[in-house]
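Data first, discussion second: the structure below is written as structure tokens.
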């Protein structure tokens, strides 16, 4: 076997590292684009809100100095729970400016138990900067572990004694009056001085998706945060002249303002949560034209939903590029190519290592299903077989990554960090894929998500790909369901398009009439045709903190509806 046939890819680091801190970079970008809008926030029925580079720099620094005055120190952990709004930006950049670590959290459960679990993992969170939430839901959740609000604005918690500060992002009507707001912090004139930071200091804890289990916190330094921006530019090719619509939250790796820190790109987004995909796509359609966006960062399901809106409107408006990822992408996900956008860029990445590979497609017929293209600068990729050795090109195995944007480990979880990283610095992604003879990375599932059905190991993504070709299917997730004989069988969880005439039995017949080899069979010693055993209709899928489908909760709901014991 010669080396050129091995499943290894590498791209040189052409531009070098951005070895500086996030606050230093923010100052540099503000000096280049002082009056340019950094972010624009749109929501139905609300005024347009924007913030310039100068405002972002000055207000985040004011928050940093005010927090220092309240005892927050360099190296502390500060929890941030904000929707997509200006305060989310100010909190993240303000916390980093004082040398603390920003931890973005979400209160998804009314009792706050999900946030408690994160705080127990972190152990030494010193402050919370939170939005009160809908009907003060976040405040009510906090009352399950914040015991006392003192007259001086400090708080006390028996469960988490390190938390001494709680700042709200708005004035509200609460049962207690001793609270402070971000507005007060930004208006203070503090004499506190901001520290000079080491780019290798931890700046940000990014929560993994937790789609199949417990969330972990990927620790990123100032340097790796900025390298994520370099790799995102490799992927999107954006410049300071672009206006980007991004539907993802600022607190997620796909929505964090990496591109602003690198190039001063204007980003347009929304904090509003829509009741349906069509409502979301209609708003996106209007926002793209109103703000003259030329690039959009969309989830695959939004891309196809938006294409339907463009066809309904018979619009002549067309984007330069749509950037998508977060799940294996097949040709069926590129329905809007040529109609709503000149190009689609498919990107592969994760919370631990940032944006790793990408492929820009201008002709749908030339796209290979699940291809994620070529490495970004400084990134290495290899495919490793079960024996721990690199495999030949074309063979499946686990995707290993080495990158200058690599995380510093899972925060306070050294054993899980050791299991995820090799001694030579390769990150084991848990993703299944291969490298084509032409040198493209194909990523089509997760090692831990393979469905063990009898003697076969089946990848859900191949089944999802086939079902997604059904004209009435809007979204599809295939999950494993317990089976007393086969151990597991596949269950197709389906969301149909609005006004769809098909049902689950129609999808079953569609699958049965398809090619017999639609299932992955390379994980078995013999070929076994495989189809989902169960088909269930959903109106929506449960989501994780990062917006991905929560497959654990989805499986629990599925087995409950099927009356199957877990």
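The values are calculated or read from the model by the stated rules, or taken from the named source; none is laboratory data. Since this is a predicted model, take the numbers as computed values, not measurements. Every residue, glycine among them, receives a Cβ derived from its backbone with ideal geometry; neighbour counts consider all protein chains shown.
Filter segment 506-518 for residues that are closer than 17 Å to residue 530 by Cα and modelled with pLDDT of 90 or more and give the result. First the steps, then the outcome.
The first filter runs over segment 506-518 and keeps only residues closer than 17 Å to residue 530 by Cα, leaving 507-518.
Correct list: 507, 508, 509, 510.
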**Message:** Restricting to segment 366-403, name every residue that is touching a helix residue (DSSP H, G or I) at 6+ places or on another chain (Cβ under 8 Å) and surrounded by fewer than 21 Cβ atoms within 10 Å (Cβ to Cβ).
**Reply:** 367, 369, 377, 392, 393, 398
**Asked** Only one of (1) more than 30 Å from residue 409 (Cα to Cα); (2) within 24 Å of the chain's Cα centre (by Cα); (3) part of a strand (DSSP E or B) fails for residue 128. Which number is that?
**Response** (1)
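Kindly evaluate residue 15 against the criterion of being buried (at least 16 other Cβ atoms within 10 Å of the Cβ), at pLDDT below 95 and either more than 19 Å from residue 180 (Cβ to Cβ) or out of contact with any helix residue (DSSP H, G or I) (no Cβ under 6 Å at 6 or more places or on another chain) (or both).
Answer is no for this residue.
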**Message:** Taking the condition of being crowded, with 21+ Cβ neighbours inside 10 Å and either out of contact with any strand residue (DSSP E or B) (no Cβ under 8 Å at 6 or more places or on another chain) or within 26 Å of residue 202 (Cα to Cα) (or both), how many residues in segment 127-141 meet it?
**Reply:** 6
**Asked** Restricting attention to segment 318-355, and to residues there that are outside any loop (DSSP other than H, G, I, E, B), in contact with a helix residue (DSSP H, G or I) (Cβ under 7 Å, 6 or more places away or on another chain) and in contact (Cβ under 8 Å) with a residue 60 or more places away in the chain, which single residue is nearest to residue 252 (Cα to Cα)?
**Response** 354
**Failed criterion for residue 123 (all others in (1) crowded, with 17+ Cβ neighbours inside 10 Å; (2) out of contact with any strand residue (DSSP E or B) (no Cβ under 8 Å at 6 or more places or on another chain); (3) assigned by TED's automatic domain parsing to the domain that holds residue 112; (4) closer than 27 Å to residue 352 by Cβ hold)** = (1)
**Asked** Within segment 21-39, can you find the residues that are surrounded by 18 or more Cβ atoms within 10 Å (Cβ to Cβ) and over 14 Å from residue 259 (Cα atoms)?
**Response** 21, 23
**Prompt:** Do any strands (runs of 3 or more DSSP E) entirely within segment 138-232 hold 2 or more residues that are more than 18 Å from the chain's Cα centre (by Cα) and not assigned by TED's automatic domain parsing to the domain that holds residue 406, and if so, which?
**Reply:** 165-168
**Item:** Hits in segment 417-449 (condition: out of contact with any helix residue (DSSP H, G or I) (no Cβ under 8 Å at 6 or more places or on another chain), outside any helix (DSSP H, G or I) and within 24 Å of residue 552 (Cα to Cα))
**Value:** 429, 433, 443, 446
**Asked** Of these, 51, 68, 72, 80, which one is part of a helix (DSSP H, G or I) and either touching a residue at least 24 places away in the same chain (Cβ under 8 Å) or surrounded by fewer than 24 Cβ atoms within 10 Å (Cβ to Cβ) (or both)?
**Response** 68
**Message:** Checking the structure you have, find out if any residue of segment 265-277 is modelled with pLDDT of 95 or more, farther than 22 Å from residue 356 by Cα and under 15 Å from the mean Cα position of the chain (by Cα).
**Reply:** yes
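Conditions tested, residue by residue: (1) in contact with a strand residue (DSSP E or B) (Cβ under 8 Å, 6 or more places away or on another chain); (2) surrounded by fewer than 19 Cβ atoms within 10 Å (Cβ to Cβ).
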site	(1), (2)
291	yes, no
294	yes, yes
301	yes, no
305	yes, no
314	no, yes
317	no, yes
320	yes, yes
326	no, no
333	yes, no
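Which residue out of 95, 115 is in contact (Cβ under 8 Å) with a residue 12 or more places away in the chain, assigned to a helix (DSSP H, G or I), within 22 Å of residue 261 (Cα to Cα) and within 24 Å of the chain's Cα centre (by Cα)?
Working: 115 fails: within 22 Å of residue 261 (Cα to Cα).
Just one listed residue meets the conditions, 95.
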**Request:** Can you give me the number of residues within segment 142-170 that are within 17 Å of residue 68 (Cα to Cα), modelled with pLDDT under 90 and in contact with a strand residue (DSSP E or B) (Cβ under 6 Å, 6 or more places away or on another chain)?
**Result:** 1
